[in-house]
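What follows is a single structure, written as structure tokens, with notes after it.
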Amino acid sequence: MIKIKSSEITSKAEYLSRRDFLKTAGIVTAGAALLAACGTDEVPAAPPTQSLPTDQKTAPLSEELTPEDSVLNYNNYYEFTTDKERVAGLAKDFKSSPWTVEVSGLVNNPKTYGIEDFLGSFTIEERIYRMRCVEAWSMVIPWNGFTLASLLNEVEPTSDAKFVRFETLADPDQMPGLVNKLYPWPYQEGLRLDEAMNDLTILSTGLYGETLANQNGAPIRLVVPWKYGFKSIKSIIKIELTAEQPSNFWQDIAPNEYGFYANVNPAVDHPRWSQATERRIGELKRRETLYLNGYADEVAHLYEGLDPNKLY
Amino acid sequence: MNTKKWEFTPLQIAAHLGSLIPAILIGWDISTGNFGIDPIRDFTFRTGKAALVLLLLSLACTPLNTLFKFKQVLKLRRPFGLYSFFYASVHFAIFIGLDYAFKWNLIQDALLEKRYALVGLATGLILLALTITSTIGWQRRLKKNWKKLHKLTYVAGLLAVVHYIWLVKQGVLDPWYFAAILLVLFILRLPTIKKALSSLRKRNLQRASH
């Protein structure tokens, strides 16, 4: 099975230039058709649309993108509802602007960023990642975002910082799901600092080239593609560097079922269901789940010496 | 020979039509190509829920009669139970045939080693036994034991709710609503509660006739 390379990275500029290229190609093709219609022999050879100029690091896409409509309408966002297909409607009027993210804790330069600061000062890239939910379904999503490392480098974690803790907004006026008091709101997540600094880890502000929709975690969310989806925390208001391992939402609820690492691993089943396979949204046949969601080459080294069976 | 004429009360007709609604809706969605985002999950879920609702309806008939002396509903126990088995069968067929495409090694991993799935399978087997023995012939053959056997409907209801609880993430409340309904139906069957209810009803009737 061919993997999507983690480094399937396209810079925003290239992403746009690709689009320009497509446009141009379209015009050329249209022109060619016109010329052909006029019976002219000298038809300029239209570039084949199959071989788009790609980043050298980019492998040809072997797995199809999940349709945008599915990405927008199949969401786990319990602050709104536990019903995946109702999140989009309930999040419709969510106010994701103005928005600030407080970056604090064990850093030399604590700072509160406005969402526009991120867009101004960090390079927005496109990253096509698999998203594997702990519920055994998956998608392939073209995210737009920037590396978490680039943000962390700016705030400079101190030598005591070992972990990063993230927190989601919890606003009962906007989020009807918060009435369920069985959950330990606000949603929080955590990463080890080296996981956070890994090049695969991004903060996303968009997908499919559009600004992030509310139901997908607007205006800014984490994407950690080798971990189960619940690690990729949405609508972040706080990023805190800590010395101690922070707790996370699902581990707080069911420590016997969800851990801190939540690394995708087909060999380690959820206590109640199998993780060996997944249903890719838009496909009928089940796929076999890949170790670290197919990103072992990039991140397996982070877990050397640790028992992968315990990194659930 | 069954010489009884086929006579349906409006209530029975309504019960049959109502029981068919989920199937009609699913058939409609399939024929119009309205498959949703995760069709296998969707159809699995809808057939499972229909089976559970009908099972609980079947269990609700006797308490309804106890409460309101509404004898007609007793005739609905069997059709509700049979429809429940029908939806449970489709539910199982989707799981094995569509979701896991008859890949036995995967099915073994997903079905036989996971408690939520095992409990679901047990529910289905009970419903199968109850369906086979639902005929008048079996009723006669088993005599007193038939009633005992068909008390397993309650076990099936309990297992079905547990199946649902074990497959959702913690804090998802939907299966607990079904658990609450099941509990109420249980309580209404306790002999002491039953007695209290019927004496209460008699007293009300007497008062009404005065």
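Coordinate-derived values only; no laboratory data. From a predicted model like this one, the values you see are computed outputs, not experimental measurements. We place every Cβ from the backbone using ideal geometry, glycine too, and count neighbours over all the protein chains shown.
In plain terms, the residue of A:Phe94, B:Phe186 with the fewest other Cβ atoms within 10 Å comes first and the most crowded comes last, giving B:Phe186, A:Phe94.
Checking the a/c ratio against 1.5 first, then a/b against b/c, what shape does the Cα gyration tensor give for region A:63-310? Verdict is rounded for region A:63-310.
Rounded to the nearest 20 debye, the dipole size of region A:63-310 about its Cα centre is 620 debye, using +1 on the Cβ of Lys and Arg and -1 on the Cβ of Asp and Glu. Computed from Cα atoms, the angle from the helix B:115-132 axis to the main principal axis of chain B rounds to 50 degrees. Taking trypsin sites (Lys or Arg not before Pro) across region A:255-312, the ones in a DSSP loop with at most 13 further Cβ atoms lying within 10 angstrom of their Cβ are A:Lys285. Projecting the Cα atoms of A:Leu207, A:Ser104, A:Ala262 onto the dipole axis of region A:63-310, where Lys and Arg carry +1 and Asp and Glu carry -1 at the beta carbon, places A:Ala262 farthest toward the positive end.
Think of each Lys and Arg Cβ as +1 and each Asp and Glu Cβ as -1; about the Cα centre, that makes the dipole of chain B roughly 1800 debye.
Exactly which trypsin sites (Lys or Arg not before Pro) in region B:116-198 are in a DSSP loop and have at most 14 other Cβ atoms within 10 Å? Provide the component values of the computation, followed by the final result.
Working: sites: B:Arg140, B:Arg141, B:Lys143, B:Lys144, B:Lys147, B:Lys148, B:Lys151, B:Lys169, B:Arg189, B:Lys194, B:Lys195; in loops: B:Lys143, B:Lys151, B:Lys169.
In loop regions of region B:116-198 (DSSP not H, G, I, E or B), the sparsely surrounded trypsin sites (Lys or Arg not before Pro) are B:Lys143, B:Lys151.
Report the charge-dipole magnitude of region A:222-312 in Debye, nearest 20, computed about the Cα centre from +1 at each Lys and Arg Cβ and -1 at each Asp and Glu Cβ.
On the way: 11 positive and 12 negative charges, 96 e Å.
Roughly 460 debye for region A:222-312.
Students often get this wrong, so check it: of A:Lys84/A:Lys162; A:Lys92/A:Lys238; A:Lys181/B:Lys151; A:Lys234/B:Lys114; A:Lys162/B:Lys169; A:Lys95/A:Lys310, which have C-alpha atoms separated by over 27 Å? Violating the 27 Å limit, Cα to Cα: A:Lys84/A:Lys162; A:Lys181/B:Lys151; A:Lys234/B:Lys114; A:Lys162/B:Lys169; A:Lys95/A:Lys310. For trypsin sites (Lys or Arg not before Pro), no site in region B:12-64 is both called loop by DSSP and has at most 10 other Cβ atoms within 10 Å.
In what order do B:Ile165, A:Ile236 fall by count of nearby beta-carbon atoms within 10 Å, going from fewest to most? Spell out each step's value before the answer.
Numbers: B:Ile165 18, A:Ile236 23.
Least to most surrounded, the residues fall as B:Ile165, A:Ile236.
GNM remark for chain B: springs join alpha carbons under 10 Å apart, and the peak mean-square fluctuation among B:Ser31, B:Ser19, B:Ser134 falls on B:Ser31.
Which value in Å does the Kirkwood hydrodynamic radius of the protein assembly as shown take, with 1/r averaged over all unlike C-alpha pairs and then inverted?
Working: mean 1/r = 0.0374 Å⁻¹.
Averaging 1/r across every pair of different Cα atoms and inverting gives 26.8 Å.
Toward the positive end of the charge dipole of region B:55-170, with +1 on the Cβ of Lys and Arg and -1 on the Cβ of Asp and Glu, the farthest Cα among B:Ala88, B:Asn65, B:Gly124 is that of B:Asn65. Each residue in A:Thr123, B:Thr131, B:Thr47 was given a count of other beta-carbon atoms within 10 angstrom of its own, and listing them fewest first yields A:Thr123, B:Thr131, B:Thr47.
Residues considered: B:Leu200, B:Leu118, B:Leu74. Largest GNM mean-square fluctuation over chain B, using C-alpha springs under 10 Å, is found at B:Leu200. In order along region B:42-52, the Karplus-derived 3J(HN,Hα) couplings, from 6.51 cos²θ - 1.76 cosθ + 1.60 at θ = phi - 60°, round to 4, 6, 4, 5, 5, 5, x, 5, 4, 4, 5 Hz, and Gly and Pro are given as x.
Could you tell me what a quarter of the Cα convex hull surface of region A:228-306 works out to, in nm² with one decimal place? Show your work: numbers first, answer last.
On the way: hull surface 29.3 nm².
Mean projected area for region A:228-306: 7.3 nm², to one decimal.
Ordering B:Asn34, B:His16, B:Leu76 by the projection of their Cα atoms onto the charge dipole of region B:6-160, which places +1 on the Cβ of Lys and Arg and -1 on the Cβ of Asp and Glu, puts B:Leu76 at the extreme positive end.
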